[in-house]
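Participant: One structure follows; several queries about it will come next.
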Amino acid sequence: MERQTVLILDFGGPYGQIIARRVRALGIYCEVHPHTMAQDVIKAKKPIGLILTAGNKNTPKIDSAAFAPDLPIMGIGIDPVSAGLKFNLKVEDIQSGEQTLRSFLFDVCGGVGDWTMADYARQSVDEIRGQIGDGKVLLALSGGVDSSVVAALLAKAIGKQLSCIFVDHGLMRKNEGDQIMAAFKDWDINLIRVDAADRFLGKLAGVTDPETKRKIIGEEFIRVFEEEAKKIGKVDFLAQGTIYPDVIESGIGEAAVIKSHHNVGGLPDYVDFREIIEPVRALFKDEVRALGLALGLPEYLAWRQPFPGPGLAVRAIGEITRKKLDILRDADYIFREEIEKAGLAADINQYFAVITDMRSVGMKGEDRTYDYTIALRAVTTTDFMTADWARIPYEVLDQASSRIVSEVRGVGRVVYDITSKPPATIEWE
Ligand code: XMP
């Protein structure tokens with residue numbers, strides 16, 4: 001049986017992709033296209049229904065019959081001029097409109113809801129093969145969810161035509177670099193790990209200002225990446241792990257938006273490529289995770305919590321030294337282990353340790369100590385724009401604190417951060 005498809009024709013505003021995600025979550029394949037899509041192209045896709053979406057700024061007046069006279073059509077944020085639109089949701093009703101959407105999809109369009117993320121993976125792999133042909137693709141693999149899923153998609157689609165560069169800046173968490181390599185070791189791709197810890201730590205020596213740290217790391221990243229890319233030579237495509245929230249953040253327009261993280265200083269200038277490809281651009285984070293699992297990525301990569309590009313540099317307050325990083329890695333590992341052991345991992349969106357630049361007096365046995373203070377941070381959030389501190393049970397905090405001070409040399413005190421965002425940020429720097 002042919003896969004059922006619903007098309008969304010987008011008249012501007014953010015709702016096209018938001019509704020697309022809802023439709024896909026209900027098990028019906030859905031694509032978003034500009035409202036200028038020609039009738040015969042619409043027809044060729046054989047959709048079971050159309051959804052027209054517009055933003056709330058300038059509600060367009062639309063004669064829906066002009067798009068596809070024979071198809072069921074639903075309008076969202078649209079002002080219909082012919083009644084063609086039997087289902088019409090106001091933008092304000094999007095949150096509560098689940099039942100209307102369901103009725104439209106299943107009762108009116110005859111949807112059966114048998115589409116899955118595995119189907120999406122298969123279809124994306126086919127599309128990528130068609131787009132790339134026998135071209136070469138380069139990807140900066142950070143080990144984060146987005147770039148890992150892109151690597152997995154491309155690996156399935158084009159195998160050895162893909163080269164991934166993983167710049168290990170020496171600011172990863174405990175064992176993380178090895179884990180990333182292990183996750184991809186059986187995939188048929190060229191994966192290059194650049195051990196650049198000395199370079200990065202050298203550049204960061206003596207630097208205490210957070211924004212300067214970020215800038216140095218961003219610039220050095222580009223430099224290392226370019227050097228490795230030059231060894232590979234000309235490629236046809238540069239792949240990016242842009243996901244839909246990045247597209248929204250960068251402003252929605254017709255032109256391809258380049259993901260410019262505040263941690264990575266833009267695109268490398270000297271990498272010779274023809275085109276950018278962004279294969280997960282239409283997906284939201286939870287969909288990207290589901291796609292990763294469907295492609296066979298291990299759970300720890302697919303469910304990885306957000307980790308800032310500058311890594312532990314922004315979790316080691318003040319000057320970054322190898323000693324501080326080692327202490328931080330061990331303390332962070334123990335905290336994460338205790339959260340996971342207590343079964344809290346799924347309920348806390350980000351949890352980690354910070355090494356402060358403060359030392360204080362303590363005692364170990366007969367000896368007076370003067371050691372670092374570790375801060376534990378754990379937050380619950382939906383969008384990372386605002387966040388609440390996680391109400392972790394005292395017993396779990398107690399266990400983490402006891403283990404950290406007894407197992408990690410150089411830590412004399414552990415505190416728990418009980419500040420929400422705003423006014424505090426999630427990271428300490
Ligand atoms: P803040 O600290 O701003 O963090 O409340 C919000 C989210 O962004 C992450 N974050 C970063 N991510 N580069 C990144 O890629 C950065 O420089 C950076 N700073 C913060 C942070 O971990 C949290 O998820």
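Read-outs throughout are calculated quantities, based only on the coordinates presented, and are distinct from any laboratory measurement. Bear in mind that the values here come from a model prediction, so they are computed numbers and not experimental data. Note: ideal-geometry Cβ built from the backbone for every residue, glycine included; neighbour counts use all protein chains shown.
Participant: For the chain, the longest stretch holding no trypsin sites (Lys or Arg not before Pro) located in a DSSP loop with at most 15 other Cβ atoms within 10 Å is which?
Facilitator: Longest run free of exposed loop sites: 275-390.
Participant: At a 10 Å Cβ-Cβ cut-off, how would you order I418, I165, fewest neighbours first?
Facilitator: Taking fewest neighbouring Cβ atoms as first place, the list is I418, I165.
Participant: Okay, helix-only estimate at 222 nm for the chain: each DSSP H run of n ≥ 4 adds -39500 (n - 2.57), divide by all residues, round to 500 deg cm²/dmol; what do you get?
Facilitator: Dividing the helical sum by the residues of the chain leaves -10500 deg cm²/dmol.
Participant: OK, next. Please identify the chymotrypsin sites (Phe, Trp or Tyr not before Pro) of the range 291-351 that satisfy two criteria: DSSP loop assignment and at most 16 other Cβ atoms within 10 Å. Which are they?
Facilitator: Taking the range 291-351 and a limit of 16 other Cβ atoms within 10 Å, the loop chymotrypsin sites (Phe, Trp or Tyr not before Pro) found are W303.
Participant: Of L297, T321, C30, which is farthest towards the positive pole of the chain's charge dipole, taken about the Cα centre with +1 and -1 on the beta-carbons of Lys, Arg and Asp, Glu respectively?
Facilitator: T321
Participant: For the range 364-380, take each phi angle, set θ = phi - 60°, evaluate the Karplus expression 6.51 cos²θ - 1.76 cosθ + 1.60, and give the result in whole Hz per residue in order, putting x for glycine and proline.
Facilitator: After applying 6.51 cos²θ - 1.76 cosθ + 1.60, I find 10, x, 7, 8, 7, 10, 9, 10, 6, 9, 9, 9, 9, 10, 8, 9, 10 Hz.
Participant: Just the number, please: percent antiparallel of the DSSP beta bridges in the range 312-429, rounded to the nearest 5.
Facilitator: Bridges in the range 312-429 are about 70 percent antiparallel.
Participant: Taking neighbour counts of Cβ atoms within 10 Å as a proxy for exposure, in what order, fewest first, do E275, E92 appear?
Facilitator: The most exposed by this proxy come first: E92, E275.
Participant: If you stretched the chain out fully between E366 and K421, how much longer would it get, using 0.36 nm times the residue separation minus the C-alpha to C-alpha distance?
Facilitator: Stretched fully, the E366-K421 segment lengthens by 15.7 nm.
Participant: Would you kindly state how much longer the chain becomes between K45 and R122 on full extension, computed as 0.36 nm times their sequence separation minus their alpha carbon distance, in nm to one decimal?
Facilitator: Between K45 and R122, full extension yields 26.0 nm more.
Participant: Residues with beta-carbon under 15 Å from that of K213, excluding K213: net charge, scoring Lys, Arg +1 and Asp, Glu -1?
Facilitator: That works out to -2.
Participant: On to the next question. For each pair in K213/K421; K323/K421; K215/K324; K230/K285, compute the distance between the two Cα atoms and list the pairs where it is over 26 Å.
Facilitator: Violating the 26 Å limit, Cα to Cα: K323/K421; K230/K285.
Participant: Moving to a separate point now. With axes computed from alpha carbons, what is the tilt in degrees of helix 15-25 against the longest principal axis of the chain, rounded to the nearest 10 within 0 to 90?
Facilitator: Value to nearest ten degrees: 90.
Participant: Order by neighbour count: T5, T386, fewest other Cβ atoms within 10 Å first, most last.
Facilitator: T386, T5
Participant: Further, regarding this structure: Consider all pairwise Cα distances in the chain and report the whole-number % of them above 43 Å.
Facilitator: Summing the P(r) tail past 43 Å for the chain gives 22 percent.
Participant: How much length would be gained if the chain were fully extended between V112 and D347, taking 0.36 nm per residue of separation minus their Cα-Cα distance, in nm to one decimal?
Facilitator: The V112-D347 span can extend by a further 81.4 nm.
Participant: Quick one: helix 285-294 against the long Cα principal axis of the chain, what's the angle to the nearest 10°, folded into 0 to 90?
Facilitator: Once rounded, one gets 90 degrees.
Participant: For the Cα atoms of the chain, what angle does the longest principal axis make with the long axis of helix 210-232, in degrees from 0 to 90, nearest 10?
Facilitator: Value to nearest ten degrees: 70.
Participant: Over the chain, what is the percentage of antiparallel beta bridges among all DSSP beta bridges, to the nearest 5?
Facilitator: Of the beta bridges lying entirely in the chain, close to 25 percent run antiparallel.
Participant: For E395, put the label point 7 Å out on the Cα→Cβ axis and report which residues of the range 339-358 keep their amide N under 11 Å from it.
Facilitator: So the set is 342.
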